[in-house]
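Below: the structure, in structure tokens.
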Amino acid sequence: MDRINITYNERPELKDPIFIEGLPGVGNVGKIAADHLKDELKAKKFATVHSRHFPPQVLVGDDGVIRLVNNEMYYHRGSNSDKGKGKNDIIFLVGDYQGLSPEGQYELADAMLDLAVHMKVRRIFTLGGYGLGRMVEKPRVLGATTNHQLKKEMMGHGVVFAEGEPGAGIVGASGLLLGLGEMRGIEGVCLMGETSGYFVDPNSAREVLRVLVKAIGVEVDYGALEAKAEQVEKLTSRFKDLEKGIQDGRKQEDLNYIG
């Protein structure tokens, strides 16, 4: 296998497409949001990406049939006349994994940007989670952009640009696609939903998606995400109870020690 191998189902001609990346990361926030939007818009797969930079494994389906891990690319055609469909065409990058190494991350990002330039992409949205290491009741959507005008536009959609956040920068595809894309003349924004980082977080993904759909002018149904969020909320409630029990136990130990 080549270092990166892209197999095309078709090569669509798109009009002023927006590029949306949602690969696995903290809380799988970006992946959940991008997959939900892709499914809601009934986007069509046009390319599959295999690479030696992905983990050396296959995934086994419920029917016992395997497939090699990959990334996939989909497209959706926008329309000026259809309400709720958005005017721009959209390209989605979704998949099983990101590159395992720094070299792999750079090579994969470069390959995706080669394709983006060829398809005349002018704006990229990367989606991810911002791990806080604690439970989050009402996640904010933090942002980072390639220019001040785009920052102002995103603030109008409710994106928070807080000084010092994200403190450690943006690691992986969500950051590299913006940084390397800017070098190629493509503007971009990263939308990061606050999340504990302990669980897959559809609640945070929903908040990221609420911002994204306003920014690109589409409408989606959140029913499936709401159901997933309720399931995770039950799990987090148990975690909170466990966490409280541990803290109460520590406090009792402290009191015993003082006594």
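The values are calculated or read from the model by the stated rules, or taken from the named source; none is laboratory data. Nothing here was measured: the structure is a model prediction, and the numbers come from that model. Note that we place each Cβ from the backbone using ideal geometry, even for glycine, and neighbour counts take in every protein chain shown.
Values computed for the structure shown
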| read-out | value |
| --- | --- |
| Answer residue from segment 104-134, given it is closer than 12 Å to residue 20 by Cβ and assigned to a helix (DSSP H, G or I) and is farthest from the chain's Cα centre (by Cα) among those | 116 |
| Selection status of residue 197, on the phi > 0 side of the Ramachandran plot and touching a helix residue (DSSP H, G or I) at 6+ places or on another chain (Cβ under 6 Å) | yes |
| Test: residue in segment 184-192 that is over 15 Å from residue 20 (Cα atoms) and either modelled with pLDDT under 85 or within 19 Å of the chain's Cα centre (by Cα) (or both) | no |
| Residue in segment 25-38 that is in a strand (DSSP E or B) and either under 20 Å from residue 176 (Cα atoms) or not acidic (Asp, Glu) (or both) present | no |
| Boolean, residue 100 is more than 23 Å from residue 188 (Cα to Cα), of a type in the set (A, V, I, L, M, F, W, C) and in a loop (DSSP other than H, G, I, E, B) | yes |
| Flag for residue 226 being out of contact with any Gly (no Cβ under 6 Å at 6 or more places or on another chain), over 22 Å from residue 88 (Cβ atoms), in a loop (DSSP other than H, G, I, E, B) and not aliphatic (A, V, I, L, M) | no |
| Residue, nearest to residue 35 (Cα to Cα), within segment 62-80, restricted to residues that are within 23 Å of the chain's Cα centre (by Cα), in a strand (DSSP E or B) and of a type in the set (A, V, I, L, M, F, W, C) | 73 |
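Yes/no per residue for (1) surrounded by fewer than 17 Cβ atoms within 10 Å (Cβ to Cβ); (2) touching a His at 6+ places or on another chain (Cβ under 9 Å):
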position	(1), (2)
4	no, yes
15	yes, no
26	no, no
33	no, no
40	no, no
48	no, no
52	yes, no
63	yes, no
